[in-house]
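S.K.: Please see the structure below; I have some questions.
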Amino acid sequence: MSRHRLEVREVPGGRAFYIDGSLQFDSRDEAVYHEALALPPLALAAARLKRPLKALVLGGGDGLALKRLLDGGVKSAELVDYDPGVVALARAEFAGYNGGALDDRRVKVNIGDAVKFLAEGRGLFDLALADFTFPEDLAGCSLFTRPFFSAVRARLAAGGLFAMNAVSPDRFPAAFWSIYRTLASARLYPRPLRLSIPSFTSHGYGDWGMFLASPRPIKDSELEALRFGPGGWLTAGTFKDALRLRVSGIERGLPLSGIIKKPGDLLCLINMVEHAFPGGGAMADFSDSAAARSLLAGIPGAEKLRWPQLSAEWEWWLMETLRLMDWEPFLAELEKSAALLPGRVLEEIRLLRKNLPELLKGAVPDTDRAWQVFALLMTVLVFVNMAYPDNAYAKGYGGSGGSGDGGDLEITFFMQNQRSPFHNSVFQGAEVFQTLTASGIPRAAHFVRYRAPGAPAGPSGVKDDRLFFALTDESFVSKEGEFFLSLGNEYLINAKPDRFALLDKLQPDPLFEFYPDPSAVQAALGGMEQHIKSADKALDSYKKWLAWARPAVVFSREVRANSNEAKNIAAIRGSLLKASKRLQEGPAAKTGPDIPADWVRLAPGLYLVDDDEIVMVDKDASLYSYPYQAGGGVRNTLQSKLAISFPLGTSPGAAGRHRYTLLPKSAVMDKFITAVLLAANSRISAGDPRKAIFETLLSAATGMGHI
Amino acid sequence: MRITGLKKEHFKLWNDLAGSSEGSGFMQSWEWSEFKEAEGAKVERLGIFDSGKLIAGAIVYRVETSLGVSPLAMPHGPVLPWKDAVKAGACYNLLRKKLEAMAERTGSPVARLEPFISSRPAFLGPALRAPLDLVPTPTLLVGLGGDDAGLLAAMTQKGRYNVRLAERKGVEVASSQTNDLTGDFHELFELTCSRHSFHGEPVGFFNRLTEALGPAGMARTYLASYQGMPAAAAVAVFFGGKATYLYGGTSPFLRHTMASYAMHWRIMRDARDKGMKLYDMYGVAPTDQPHHPYAKFSAFKARFGGTMVRTIGAQDIYFYPQLAKTLVSRLAGTQGAAS
């Protein structure tokens, strides 16, 4: 029996395969993944070795990578997958996609452990593919370690090729670049690949990463000469594009990366997941090895050390820990350990000792070398906490604050007369006029009026709609199948793939059109998919029950409620489907700006920069400064509804302080930003260092009359 | 007193000690340690003997890394005679020395203690409050003493009402200590995780958990259904005098059935019948933190009555020689990369 939950879901125009809820392939775009994995090593091995090829596929029991190898004419192939359930599905359900690859006479299928197979076998292979599931536990991580890659290398013929599925270079940059370093340390010279796979992106996985590697370095000229068969997704052009990776991911991942010697090393890095961020930014071309080498050498580790996930809360926690540490024995130990190393390390530790009082006050500029050592220590402490993952020991959640200084047992008695927030009949009325929040609290469904992009001016272009279903407490699908994000009580974002239109609930026209936040879209698509599935199940069961009970509708309130519920769930399902389709099929956003890691995100497209500047990213990815604290009076509110229609940079006041084109000041935007700041401020605890910043901004705004 | 590694023959002795210690919990049970060991964690079981009698100890977990950052973790531990401060202090000193030796051997820069106690004894010395907890605090403990009427009386009026409403609606609760219900449980669990943006473990984890703990009666999966439709599900763990609501999920479409109430009511009665004294709801939001991730669940949990208990939370003991070595090796590494 399979140890994992295997699911084949019907999707419009194809099928999608999930293991433990994680997408393995979607037949509509699986070619992108499997061609990128299989065809480059196949073509390169053919060009190098000029003989009929022997191939090995580790994992990949769905047979889709294997199909590419067979289509490419390999002489023989062995497949090793530990899950008989996947292999059985490949033979039955996926035969139409893999062309019956597993039953091809050239193929030998082994059910078993890849590590054991590599260790116990003897023959050599001309090319090997590793197509494993995402490494989320120690067993999965063991397939990305140096011992594993060394074992693969030992089974490769001279000049043979190895290609592997890795992790997203954007969402797991430290893990991705650790795999890169680990392959290199196992003397498998790697080239990284980045792929945009629509089904992966819609699941929030970000761009995907792979590696092409070989015990013999892969020359630029070899890559350039690669040609792939006609009719497929992979061409010389798409391959060249796949060799381009975002510099921002390298900058974030490489300084934190290391060689994966033990599965725990990778698990620790996998826990450092980063939120998806807008695409775009500078790209590094890994088809040009000299340029890539120079880029990698130019990432100087500690001197550029920054940790984008080191949120203000973490920084606060770590500073508290560091303040309470017993520094004298620690510094003595540091000097003792460093004494065996070249002088510079010792010198930096002495600088740390000298500057420690200021560092602990957080008052030293981050260019200081002592600060770099201090920051590295903070990073080590983050690693310590990431190496203590929930799934390694038990379940758990993030700390809830407080200094934990003990004291007496704190007991709160729950009063018996407290009212339940749960009992509701949201879905059981003739119509759904309430939304059920994630916490189960019913709230009146907001009616909204908005003008969709491209709709005609005047009343005829205005749509009346209702927030029909709450995906989360802050995101909704409307009856008409639009997706909305709620920003406090007064503002909504009508989310489209190419823009996030800010709406005042009282105004149909957008106040501003922000650049879309892909992570919000992806999270919504994931949520919609889950709820559609759940609705399907509920409807399926209701169908049987109501087929029997429906005649009782006229006299049974219970059955009437069930009948209404089935009807309403079907309507919600329809809206979810429509919204999901719109988010996936709408026009794509332009390439986004590269948002620096230290900008504080207040709302989608709205950032606080250097603690005092409000920066907005519009739908065309242009950056604008907004003079939130600047004086100069408040402009005409009607004009300011569409702030970008003003002549830019004309606002009076402190234009010189701003780094981007200055938007004109408007009462409407002031009010919106104040609401966002107030909401952000209310979400953070009293000890959070951002509190002071938000309150300064808000008090300045009060002085200007914004509140 | 002496501290030594425990062997398989100490299994019952250890479980009796950990199970009877108020400051401990299921993560210090022998079965849980074997489960985590099978999952890939390194486990050391330490016992402290006084005149040949096992009086204290700890099960220490570690995920091996080559980064020199893996803590020696003791969730629900160590198991000490907390009520006798002098003896507990002496045991702690022995344990601490042993942990120092383990840290030197493994390169771990920190040991993380997480006993289920409410006030921090002075002998813990300079241990620092950790930024992450594995054992959620505060939590809600529901007393299980009494018959059905007594348990219902201790609930809030609305809790009682909803338990009865679920019964009237015909919600049925099934339970299993094998994997019969794991698939249904996981579908609801996954849906709930997605709805609340939590990370959820894969179904394989629950299969393995049930296989490891089910036969000993330590874990059970519950499924509440309405008209045959899965409406709520949970995995509960039973150890010592405490049942713990470890994982759960609900269907958003069947909330009106109050299936969750029927399910917890069943877990409470099963736990009581197994001789448990408390039902740990495994984390509630502190009353002063309305935006805490658990705030949304806390109102529901509170319907079952009980008392909110705040433990001292995870405490870190730093081993400076190991921390220094890790930092210096990273410093040397980054300089190497720069050159």
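The values are calculated or read from the model by the stated rules, or taken from the named source; none is laboratory data. What you see is a predicted model; the values in this text were computed from it and never measured. A quick note on method: Cβ atoms are made from the backbone with ideal geometry, for glycine too, and the neighbour counts reach across all protein chains shown.
S.K.: Residue check, B:Gly159 against (1) surrounded by 20 or more Cβ atoms within 10 Å (Cβ to Cβ); (2) closer than 30 Å to A:His4 by Cβ, all met but one. Which one?
M.R.: The failed condition is (2).
S.K.: Being touching a Phe, Trp or Tyr at 6+ places or on another chain (Cβ under 8 Å), surrounded by fewer than 24 Cβ atoms within 10 Å (Cβ to Cβ) and either of a type in the set (Asp, Glu) or not assigned by TED's automatic domain parsing to the domain that holds A:Pro230 (or both) is true for just one of A:Asp113, A:Asp71, A:Asp104, A:Asp83. Which residue is that?
M.R.: A:Asp113
S.K.: Suppose we filter segment A:276-305 for residues that are away from chain B (no Cβ under 11 Å) and at pLDDT below 60; how many remain?
M.R.: The qualifying residues number 5.
S.K.: Pick out, from segment B:1-120, the helices (runs of 4 or more DSSP H) lying fully within it that include 1 or more residues that are among the β-branched types (Val, Ile, Thr).
M.R.: B:85-106
S.K.: While we're on this one: Whether any residue in segment A:320-341 is within 22 Å of B:Arg129 (Cβ to Cβ), touching a Lys or Arg at 6+ places or on another chain (Cβ under 9 Å) and either at pLDDT below 80 or in a loop (DSSP other than H, G, I, E, B) (or both) is what I want to check.
M.R.: Within segment A:320-341, one or more residues are within 22 Å of B:Arg129 (Cβ to Cβ), touching a Lys or Arg at 6+ places or on another chain (Cβ under 9 Å) and either at pLDDT below 80 or in a loop (DSSP other than H, G, I, E, B) (or both).
S.K.: Return yes when B:Pro109 is under 29 Å from B:Ser329 (Cα atoms), over 23 Å from the mean Cα position of the chain (by Cα) and within 12 Å of chain A (Cβ to nearest Cβ) and no when it is not.
M.R.: The answer is yes for B:Pro109.
S.K.: To continue, here is another question. Could you go through segment B:311-324 and let me know if any residue there is within 7 Å of chain A (Cβ to nearest Cβ) and modelled with pLDDT under 80.
M.R.: Looking for residues that are within 7 Å of chain A (Cβ to nearest Cβ) and modelled with pLDDT under 80, one finds none in segment B:311-324, hence no.
S.K.: Please specify each residue of segment B:1-44 satisfying the condition of being polar (S, T, N, Q) and under 23 Å from B:Lys242 (Cα atoms).
M.R.: Scanning segment B:1-44 gives B:Asn15, B:Ser20, B:Ser21, B:Ser24, B:Gln28, B:Ser29, B:Ser33.
S.K.: Name the residue, out of B:Phe116, B:Phe123, B:Phe189, that is out of contact with any Leu (no Cβ under 6 Å at 6 or more places or on another chain) and surrounded by fewer than 17 Cβ atoms within 10 Å (Cβ to Cβ).
M.R.: B:Phe123
S.K.: Output the strands (runs of 3 or more DSSP E) that fall wholly within segment B:176-290 and possess 1 or more residues being over 20 Å from the mean Cα position of the chain (by Cα) and more than 21 Å from B:Leu152 (Cα to Cα), or say none.
M.R.: B:219-226, B:229-239, B:242-250
S.K.: Sort out which residues of segment B:21-80 are under 29 Å from B:Lys277 (Cα atoms), in contact (Cβ under 8 Å) with a residue 60 or more places away in the chain and of a type in the set (A, V, I, L, M, F, W, C), and write them in order of number.
M.R.: B:Phe26, B:Met27, B:Trp32, B:Phe35, B:Ala73, B:Val79
S.K.: Determine which single condition A:Pro689 fails, assuming it passes every other condition in (1) at pLDDT below 85; (2) touching a His at 6+ places or on another chain (Cβ under 6 Å).
M.R.: (2)
S.K.: Do we have A:Pro169 as assigned to a loop (DSSP other than H, G, I, E, B), closer than 30 Å to A:Gly586 by Cα and assigned by TED's automatic domain parsing to the domain that holds A:Ser248 here?
M.R.: Yes.
S.K.: Also, quick follow-up: Would you be able to tell me the number of residues in segment A:511-522 that are in a helix (DSSP H, G or I), under 21 Å from A:Ala679 (Cα atoms) and either away from every other protein chain (no Cβ under 14 Å) or in contact with a strand residue (DSSP E or B) (Cβ under 8 Å, 6 or more places away or on another chain) (or both)?
M.R.: Final tally of qualifying residues: 1.
S.K.: Condition first: assigned to a strand (DSSP E or B), touching a helix residue (DSSP H, G or I) at 6+ places or on another chain (Cβ under 7 Å) and among the β-branched types (Val, Ile, Thr). Can you find one or more residues in segment A:44-61 that meet it?
M.R.: The answer is yes; a qualifying residue exists.
S.K.: Now for a separate question. Name every residue in segment A:4-24 that is in contact with a Leu (Cβ under 8 Å, 6 or more places away or on another chain) and in contact (Cβ under 8 Å) with a residue 60 or more places away in the chain, in order of residue number.
M.R.: A:Leu6, A:Val8, A:Ala16, A:Phe17, A:Ile19
S.K.: Please go through segment A:202-234 and pick out each residue that is of a type in the set (Val, Ile, Thr) and under 28 Å from A:Leu583 (Cα atoms).
M.R.: none
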